[in-house]
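Structure record follows, encoded as structure tokens.
No lab work stands behind these numbers, since they all come straight from the coordinates. What you are looking at is a predicted structure, and each value in this text was computed from that prediction instead of being measured. All Cβ positions, even for glycine, are placed from backbone atoms using ideal geometry, and neighbour counts span all protein chains on display.
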């Protein structure tokens, strides 16, 4: 039976490209929520300036860190695949090692980060994360005396921050699933390469 590993390699490359794109978006959204928190927490009454310890932002930082690692490793694999000098297409074992080496560690890191972020979210209301706090009070109405406050002194951005923090968390879950698929394709692609090489050798032996 003839086996063509090329579609598997193409699928893995496309998935890795999607992982890189998604990771970049997560870094942007999670980074924005953390930036707003850091800038406003000490002055915006909606962020409880007197109770800074009420907020735990380690989950957001974890999402940013895992996405950066995933972005870097995925980009390295794409560069190795694109540069002719490395000839990954003609070196199936090296390609498999590069593919699995970039996706498997990222998948483990993403899974750990997702679990950690969900655990922190479940600690509310004792401790709040950016997600739990902004989603809880995004529709809150300011007091009459606070109506004239500037945008960065109210909760007008809470709706956007809520959506961005949710995107960062659930986007990481999507990235994790794509990484699992990419790792699986790396293994299957390597097996397909070996099978195709074996079939080619048999055909050459038969022809001779």
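Some notes on this structure:
- Relative contact order of the chain, defined on C-alpha pairs under 8 angstrom at six or more residues apart (%): 35 percent
- Gyration tensor verdict on region 68-130 (Cα atoms; rounded if a/c is under 1.5, prolate if a/b is larger than b/c, oblate otherwise): prolate
- Taking 21, 129, 172 in turn, the Gaussian network model of the chain (Cα-Cα springs below 10 Å) assigns the largest fluctuation to 21.
- Highest GNM mean-square fluctuation among 154, 90, 62, for the chain modelled with Cα contacts below 10 Å: 90.
- Rounded to the nearest 10 degrees, the angle from helix 158-207 to the longest Cα principal axis of the chain is 0 degrees.
- Just checking the listed ones, 107, 197, 124: in the Gaussian network model of the chain with Cα springs under 10 Å, the one fluctuating most is 197.
- Packing-based order for 156-167, 78-89, using average beta carbon neighbours within 10 Å, highest first: 156-167, 78-89
- Equivalent ellipsoid semi-axes, the chain, via Cα gyration tensor eigenvalues times 5, rooted, Å: 49, 14, 12
- For the pair residue 115 and residue 93, label points projected 7 Å from Cα toward Cβ lie 3.3 nm apart.
- Here is how the number arises for the chain: DSSP H runs of 4 or more residues each give -39500 (n - 2.57), the sum is divided by the residue count, and the result at 222 nm is -25500 deg cm²/dmol.
- Helix 92-121 axis, angle to the chain major axis (alpha carbon atoms, nearest 10°): 20 degrees
- Cα centroid separation - region 27-75 against region 78-125, whole Å: 23 Å
- Globularity ratio of region 1-89, using Cα Rg and 2.2 N^0.38 Å: 1.65
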